[in-house]
Every structure is written in structure tokens, then in C-alpha cells.
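Okay, structure first, notes after.
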Amino acid sequence: MRFNYDCKNTTFVSNKNNMDYYYIKALHIIFIVCWFAGLFYIVRLFIYTKEANEKEEPAKSILYAQLILMQKKLWYIITWPAGIGTFIFGGWMLVMRSELLFQPWMWLKLIFVGLLGLYHLQCHAYFKQQKAGIFKPSSFKLRLFNELATIFLVAIVFLVVVKRTTGLVWGMIGLFIFAALLMGGVYIYKRQRKVMEEKDKNKLNPPTV
């Protein structure tokens, strides 16, 4: 009777640990989604703020004040807490499933997560600069910078879902091709936008005979 009781108790504890792990995993995923949403949107706000700074008064001051307020709320209320939550619950999962650290795909994923953390810190630097009225990178460079988050997202999701090392080489090649397509799309968008701005300028200032 005692042996059967211990077996049942062990099964119960094991099931409970599994449930705890899945709850933590769910929270980890929720924080990741919020973190990426914040990272995607904050760089768009950087672009809009940069372009607003090039406008004439009073539009320049009005747009700048509104966009900086939006940046501040997004950055401190959503993005920073989501990023911290992602690392807390992700680390908690690794503590509960330490055997994952013996998987090569996990280490590659952690490298990309580390790069994403550096990306977050660079976004924070841009946030502080624009808040101080400093606009170093152009809107085109910010658009290219914005695509890095997409590359990190694709790499992390594929590694977590596939969990294989045999296709990592081809996966990395595909990732670089994907990145090149993104960069090409941004460049084409810039060219088309420049053409449209020149057409609008010609409409407002038609050539005189």
C-alpha cells in the first residue's frame, strides 16, 4: 500500500510541476509578444518624430510634443516591463528545464535573444536622444534598423519550433535572404517615396514659362 501511495504522489507532483512549467511558459510568450510589439512600434515613432522635426512651425512643435509623449508611455509602460518579464520567465523556464541547455538550438536561440537585448538598449539610446532633441540617424536608417527586430523574431521562432540543428545552416542562409529582401523592400520604398515627394512638389510649384 505504501509503495502504491508513493507512486501516486510522485505522479501528482510530476503533473503539478508540468502544469507550473506551462503556466510560466504561457506568461513568457505573452511578455514576448508585448515586447516585440513595443520594439516594432517604438522605432516607427522614432521615424515619425524624426520626420516631424523637419516640418515647419507650428506643426513641428505640436507633433514633436505628442510623439515624444507617445514614445515615453510606450517605452516605460509596455516595452521595458515586457522585456524584463520575458527574461524573468524565460530564465525561470530554463531553471525548471535545465536539460534544454544541452541542446545546441537553445544556445543559438539565446544568442539571438542576447542580440535582441542589445537592440533594445540601442532603442533606449535613440529614445533618450530624441527626447533631448537630438536626431542622429536618418529616417531611412531607422527604417533599416526597424527590420532587425523582424529578423530576430523569425530566427527565434524557427529555432524554438523546429528544434533541429541539421537544418540550421540552410536556415541561416534563408534568414540572410529574408533580411536582404527586407532591406531591398525598404530601399524601394524610399525611392518611390522620393518620387512621390518630387511630384507633389512640382504640383505645388509648377514650372513657369
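Within the range 140-164, residues that are over 16 Å from Ile177 (Cβ atoms) and surrounded by fewer than 17 Cβ atoms within 10 Å (Cβ to Cβ) have Cβ atoms under 8 Å from residues that are among the charged types (D, E, K, R) and modelled with pLDDT of 85 or more in these pairs: Val160/Lys109, counting only partners at least 6 apart in sequence or on another chain.
Determine, yes or no, whether Phe135 is out of contact with any Leu (no Cβ under 7 Å at 6 or more places or on another chain), in contact (Cβ under 8 Å) with a residue 12 or more places away in the chain and not in a helix (DSSP H, G or I). When the stated conditions are applied, Phe135 passes them. Scanning the range 21-64 for residues being touching a residue at least 40 places away in the same chain (Cβ under 8 Å) and of a type in the set (S, T, N, Q) gives a total of 2.
When Leu108, Leu101 are screened for being at pLDDT below 90, part of a helix (DSSP H, G or I) and closer than 25 Å to Phe158 by Cβ, only Leu108 passes.
The values are calculated or read from the model by the stated rules, or taken from the named source; none is laboratory data. These numbers were taken from a predicted model, which means no experiment stands behind them. Cβ atoms come from the backbone with ideal geometry, glycine included; neighbour counts cover every protein chain shown.
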